[in-house]
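Okay, structure first, notes after.
The values are calculated or read from the model by the stated rules, or taken from the named source; none is laboratory data. Given the structure is predicted, the values throughout are model-derived calculations rather than measurements. Virtual Cβ from ideal backbone geometry, glycine too; neighbours counted across all protein chains shown.
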Amino acid sequence: MMIGSLSRDQQEFVEAMEARGWAVTLAHDLTMAKSLVEEASHDVGISCLHDQDATDTSALEKIIVNSYMEWIALIEEGELEDPAFCHILSSLFMAYQAEPIAIEQIDCLLKHALAMKRLRSDDASQRKATSEVEFEMVGTVPAMKKVFETIRRVAAVDAPVFISGESGTGKELAARAIHERSQRATSPFVAVNCGALPTNLIQSELFGHEKGAFTGASQKKVGQIEAASGGTLFLDEIGDLPFDLQVNLLRFLEERTIQRIGALDEIHVDVRILTATHVDLEKAVKEGRFREDLYHRLNVLQVEMPPLRERQGDIEILAKFFFSKFESEKSMKVRGFSQEALALMQQYHWPGNIRELINRVRRAMVMCDQRLIKPADLGLERRMTNRHIITLEEARNSAEQEALISALSRNKHKVKKAADELGVSRVTLYRLMEKHELARKGESPVLLTTA
């Protein structure tokens, strides 16, 4: 696609490009270009808007950034003396050609641009094929495969589920996935962070109150348990629930009724309870900080979320997933991650888990002033990656697993082709797949998929 009013020479250029097999769509102005980009897919764009025509640079930037195309600019030699123009040129375009137009040069640039467009499209399709997304839960490693299998199983029944894991591992996302895959999916999902509520308000927040029940109760309030009726109630950081209120929650679990503060009547509520905490509840029970009977009521089924440091094979996939998710926030010129950045991310210990990864990626996308995000943009230095010492055997297993996943992905999970690429027999590859708990041909590496 070309944007701009063409001179006679440029019209001859269009005819010459069409003679070389290029299908050219012409947009005379930015409004027309925006419509064409939205209505149909194009591989490569050429801008021949000069200073006197490009009255709205921001509109051109939006068209280019949102087009998922590779762009080339046709410019006049004198425009390179303008620093502002050069900044736009370097940020938005893959290449430029100064007039007079050289057909052979433009044809070569277009072929390179088309190859890059297809390469990025193939890369995006490959990442989509090798990982499924369920409420931003992305993963291909055996640890996440186990999580997805467990979520699918526990979602099929209505018993309480206890989700454990370090802070930032995605416990609420797991709870939402369980809800969405359950028979209660069309009913409310209500999440309450027990650790974030003031002690004197927790009972009112969970059970509700009647008007005039206490000073400041100017109207009736429906509690979160009642609000989730028919659906799912997720109690996050349940380990922070005060000991005296644990009795009230236990009573609800046993009788399925609640009583608002200040009310005389009991209300029957049908709700499924999911809980989570980073606290060791077994230790809290032994220390007398958590009721043992409540613990057994809540801990019927379990889902354990692995820390990110045990998911090295997913780090690149996750980083690219969140890069795409927050693409609208990034600097114009940023296109992805450098290989050094990806390598250091896989070596880093990630004490903050997924939450920390998201924060570092979003910050880097805003602060980076180059095409590729470097370790410094992520706030990662080599000395930071040495905190987690692994054995040689662990390093071997990790490298072996990563090589298997990559080879299977590139060959669309065809074992024969992957084995040939790795230089091993099919029998050996099957044995290695069994060792690392990877899916065989015809199976998905991730079992939690949307309905």
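Within the option set VAL415, VAL427, being out of contact with any His (no Cβ under 7 Å at 6 or more places or on another chain), of a type in the set (Val, Ile, Thr) and in contact (Cβ under 8 Å) with a residue 24 or more places away in the chain holds for one residue only, VAL415.
The requirement of being crowded, with 18+ Cβ neighbours inside 10 Å, within 21 Å of GLN105 (Cα to Cα), modelled with pLDDT of 75 or more and in contact with a Leu (Cβ under 8 Å, 6 or more places away or on another chain) is not satisfied by ILE64. Selection of segment 332-353 for residues being out of contact with any Phe, Trp or Tyr (no Cβ under 9 Å at 6 or more places or on another chain) and part of a helix (DSSP H, G or I) yields GLN339, GLU340, ALA341, LEU342, ALA343, LEU344, GLN346, GLN347, ASN353.
So, restricting to helices (runs of 4 or more DSSP H) that lie completely within segment 362-443, which ones have at least 1 residues that are of a type in the set (Lys, Arg) and either at pLDDT 80 or above or not assigned by TED's automatic domain parsing to the domain that holds GLU70 (or both)? Hits in segment 362-443: 392-410, 415-422, 426-435. Filtering segment 408-425 to residues that are over 23 Å from the mean Cα position of the chain (by Cα) and of a type in the set (A, V, I, L, M, F, W, C) leaves VAL415, ALA418, ALA419, LEU422, VAL424.
Only a single item in (1) buried (at least 18 other Cβ atoms within 10 Å of the Cβ); (2) within 30 Å of ASN248 (Cα to Cα) is not met by PHE322, and it is number (2). Within the option set GLU254, GLU266, being over 16 Å from SER164 (Cα atoms), touching a helix residue (DSSP H, G or I) at 6+ places or on another chain (Cβ under 9 Å), surrounded by fewer than 17 Cβ atoms within 10 Å (Cβ to Cβ) and modelled with pLDDT under 90 holds for one residue only, GLU266. If I ask for residues that are at pLDDT 90 or above, under 17 Å from ASP265 (Cα atoms) and charged (D, E, K, R), which ones from segment 196-239 would you list? Of everything in segment 196-239, just one residue is at pLDDT 90 or above, under 17 Å from ASP265 (Cα atoms) and charged (D, E, K, R), namely GLU226.
From the list THR232, THR215, THR277, exactly one residue is more than 23 Å from THR186 (Cα to Cα) and in contact with a helix residue (DSSP H, G or I) (Cβ under 6 Å, 6 or more places away or on another chain). Which is it?
Exactly one residue qualifies, and that residue is THR277.
Could you tell me which residue of segment 269-323 is nearest to LYS145 (Cα to Cα), considering only residues that are without any contact (Cβ under 8 Å) to a residue 12 or more places away in the chain and assigned to a helix (DSSP H, G or I)? Only one residue fits best here, namely HIS296.
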